[in-house]
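Right, one structure below, let's go through it.
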Amino acid sequence: MPGNRKQIYLQHKKYNMNILEHIIDFLAPHACIGCGGEGSLMCLPCMSALPHYTSRCYRCTTTVDAYRTCEACRKVSPLTHVWAPTRYTHDAKTLVQFLKFERASAAAITIGDAIAQMVPPDSIQVVTHAPTASLRVRQRGYDQAQLIARQVARRLAVPYAPLLVRQGSQRQLGQSRQVRERQMATAFRTRRAYAIRQADVLLVDDVITTGSTLEAAAAVLCQAGARSVAAAVFAVA
């Protein structure tokens, strides 16, 4: 299929799937993962009941103020902060898995709202996301990190821009930090450089494990001229 026709086909397919999801949501509203109540995948009381993730350095787990990267880890990390409201367990894990594997794109709104509550809005100028591998995007019909980032930007009243492009589709699940770092070394390139220069960027993803993906993305943004790069995720694995 020629390039333009293929792109048009994929756009129509995505549009039609979004309409189908809205119809399904109307006819069969989501039930809360926590309590079973009708209306959303996770109601506000159940979201509030998720275990709070205390302020720690994402790399070494040292207790820090305001989710800053500790002084020692800042020597090797381009990330100034990594905000996260909860851990990747129980209902939080189920919510993310619904978003990633069950086509429950509405979960991105709930997750984005929870993340936005963690981030000081005056600390950032633009929100972007760590792009998911293209194979996963094709399988799901959307990039879950992008959906979450857009919702975070809306809640914070800060511009959203897709500043990164993912290169390759290597699977990271279950890999060690060393393997992940090697895989991520050339995983990203930047776009829209004018929006990066001298900007305080918030990089959004769903879950952080070792931090290698976010570090690689942040390093590329810094090389492109970002003044600072912080990250925000829903859960810490």
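Which cross-chain or sequence-distant (5 or more) residues have an amide H under 5 Å from the amide H of Val229, H modelled 1.01 Å from N in plane?
Long-range HN contacts for Val229: Thr80, Val201.
Once both labels are modelled 7 Å past Cα along the beta-carbon direction, what's the Gln139-Ala49 spacing in nm?
The two pseudo-label positions are separated by 3.2 nm.
Could you list Arg166, Arg189 so that the one with the fewest beta carbons within 10 Å of its beta carbon is first and the one with the most is last?
In increasing order of surrounding Cβ atoms, one gets Arg189, Arg166.
Express the relative contact order of segment 52-236 as a whole percentage, based on alpha carbon pairs under 8 Å and six or more residues apart in sequence. Numbers along the way, then the final one.
Working: 369 pairs, mean separation 48.9, N = 185.
The value is 26 percent.
Taking the Cα of Ala31, stepping 7 Å toward and past its beta carbon, and measuring to each backbone N in segment 40-56: which are under 19 Å?
The answer is 40-47, whose backbone nitrogens lie closer than 19 Å to the label point.
For Ser123 and Gln97, what does the FRET efficiency come to when R0 = 35 Å and r is the distance between their Cβ atoms, rounded to the nearest 0.05? Mind dumping the intermediate values first?
Numbers: r = 30 Å, r/R0 = 0.86.
Working from the Cβ atoms, E equals 0.70.
Give me the distance in nm between label points sitting 7 Å out from Cα along the Cα-to-Cβ direction at Ala72 and Ala237, one decimal.
2.5
With r as the distance between the Cβ atoms of Thr61 and Asp200 and R0 = 22 Å, compute the FRET efficiency 1/(1 + (r/R0)^6) and round to 0.05.
0.30
When all C-alpha to C-alpha distances in segment 183-237 are sorted into bins of 10 Å, what percent of pairs does each bin hold, rounded to whole numbers?
Calculated over all Cα pairs of segment 183-237, the distribution is 25, 52, 22, 1 percent.
How compact is segment 96-237 by the rule of thumb for globular proteins, expressed as Cα Rg over 2.2 N^0.38 Å?
Working: Rg = 14.0 Å, N = 142, 2.2 N^0.38 = 14.5 Å.
After normalising by residue count via 2.2 N^0.38 Å, the value is 0.97.
Sorted from largest down, what three extents in whole angstroms do the Cα atoms of segment 46-157 have along their principal axes?
Computed over the Cα atoms, the extents are 40, 29, 27 Å.
We did not get these values from a lab; they are worked out from the coordinates using the rules stated. These numbers come from a predicted model, not from an experiment. All Cβ positions, even for glycine, are placed from backbone atoms using ideal geometry, and neighbour counts span all protein chains on display.
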